[in-house]
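Here the structure comes first, spelled out in structure tokens, and everything after it is commentary.
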Amino acid sequence: MGLRNAGDRWGGIAMGLHWAMALLIFALFALGWVAVSLPLSPLKLKLFHWHKSLGLLALLLVGLRMLWRLLDRPPRPVAGLAAWERGLARGAHLLLYLLMLLMPLSGWLINSAANFPFKPFGLFPLPDLVEPDKALQADFQLLHLTGFWLLAGLLVLHVAAALRHHFVKRNPVLQRMLPGRLGESGG
């Protein structure tokens, strides 16, 4: 497997960015879910710090994914897919990218509107995107929560579609995104 995409499979860079984002999103969901359920405490603040820091890392990674997608031509569509399946996949991927941008940006906007100083990973002060405003903070929190549920639902559909292609349709859609021997035919 090469670093760049081939005619029939994703390359190492695209795969690495895909699976790194998958792990990061899972970690962000878990951290956010636990943090909001806790009463105000040092642990809650620490979990939110990690949630926000990793959220900014996710913003950086999705930017890199989008840049790489522009620079490296994607593999050909899998043979035998109906036009509606290709269209649905394109639309779902576009929505995934939009939500992967929306989530960290809305989180940053929440933090800015809350007037809460923040240093990602303790490294540098993050600039505010908006002036402090409690009403705006509440609006961004609703946007962030709505984005969470949309992203969670879309990811369930994304995984279900990949598994359907692998186990029901028995085509290589999933294998093309799996590294090494897992991605080989019959793996």
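Data table
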| item | result |
| --- | --- |
| Candidate aspartates and glutamates for bridging to K169, where Cα separation is under 15 Å - those fewer than 8 sequence places away on the same chain excluded | E85 |
| Lysines whose Cα lies under 28 Å from that of K134, excluding same-chain neighbours fewer than 8 positions away | K44, K46, K52, K119 |
| Proxy reagent accessibility, fewest Cβ within 10 Å first, across K52, K119 | K119, K52 |
| Computed over region 105-163: relative contact order in percent, which uses C-alpha pairs under 8 Å that are six or more apart | 35 percent |
| Degrees, to the nearest 10: 83-113 long Cα axis against longest axis of the chain | 20 degrees |
| Spin-label pair A162/E85, simplified geometry with 7 Å Cα→Cβ offset, distance in nm | 1.7 nm |
| Which of V36, V156, V78, V62 has the fewest Cβ neighbours within 10 Å, and the rest in rising order | V156, V36, V78, V62 |
| Relative frequency of Cα-Cα separations exceeding 26 Å in region 1-158, percent | 34 percent |
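The numbers here are math on the coordinates, done by the rules we state, and not lab data. This is a predicted model, so every value here is computed, not measured. Cβ: placed from backbone, ideal geometry, glycine included. Neighbour counts: every protein chain shown.
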